[in-house]
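One structure below.
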Amino acid sequence: MKIEHIALYVNDLEAAKDFFVRYFDAVPNAGYHNPRTDFRSYFLTFADGARLELMPAARTGYAHIAFSVGSQEKVDALTARLKADGLEVLSGPRTTGDGYYESCVLAVEGNQIEITV
């Protein structure tokens, strides 16, 4: 298991992307846009392979931390285990519009944890 990415809510998506590119040599993807919901985001990749997801929101700060567990079956199993232990499953398991297979649970102290392949 590894940390797949960390996500931040930001007020200005383009300015936040440009900040990490300019000062931390991040390489952005082309951006994601879901025309049905008008949701937009960027994934930034750093030299060491770490990834940061930027998402616009009315509030700023931590959005979620995503853990890669290696397979869809492991996503399903861990999600089922967490649900059986009484944690709230917020979404999934499902394939998102940008191609991720994931689930999202509400974990310790109300923090969102994304579980992905």
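Laboratory data are not the source of any read-out in this text; all were calculated from the coordinates shown. Keep in mind the model is a prediction, meaning the values are calculated, not measured. All Cβ positions, even for glycine, are placed from backbone atoms using ideal geometry, and neighbour counts span all protein chains on display.
Summary table
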{"read-out": "Segment F19-I6, length gained on full extension (0.36 nm per residue, minus Cα span)", "value": "3.0 nm"}
{"read-out": "Calculated Rg and Dmax of the Cα atoms in Å (choose from (1) 13.5, 45; (2) 14.6, 45; (3) 14.8, 52), label", "value": "(2)"}
{"read-out": "In degrees, nearest ten, helix 72-84 long axis to first principal axis of the chain (Cα)", "value": "60 degrees"}
{"read-out": "Within the chain, helix-based [θ] at 222 nm, where runs of 4 or more DSSP H residues each add -39,500 (n - 2.57), nearest 500", "value": "-6500 deg cm²/dmol"}
{"read-out": "Residue (of S91, Y32, F46) at the positive-pole extreme of the chain, dipole from beta-carbon charges", "value": "S91"}
{"read-out": "Rg to Rh quotient for the range 22-87, alpha carbon positions, Kirkwood Rh", "value": "1.05"}
{"read-out": "Rounded to 10°, Cα long-axis angle of helix 13-24 versus longest principal axis of the chain", "value": "80 degrees"}
{"read-out": "DSSP beta bridge pairing in the chain, given as percent antiparallel to the nearest 5", "value": "75 percent"}
{"read-out": "Label point distance in nm, I65-A47, each placed 7 Å from Cα along Cα→Cβ", "value": "2.5 nm"}
{"read-out": "Cα-based Rg / Dmax (Å) for the range 1-60", "value": "11.6, 34"}
{"read-out": "The range 50-117: C-alpha gyration tensor shape, a/c 1.5 cut-off, then a/b vs b/c", "value": "oblate"}
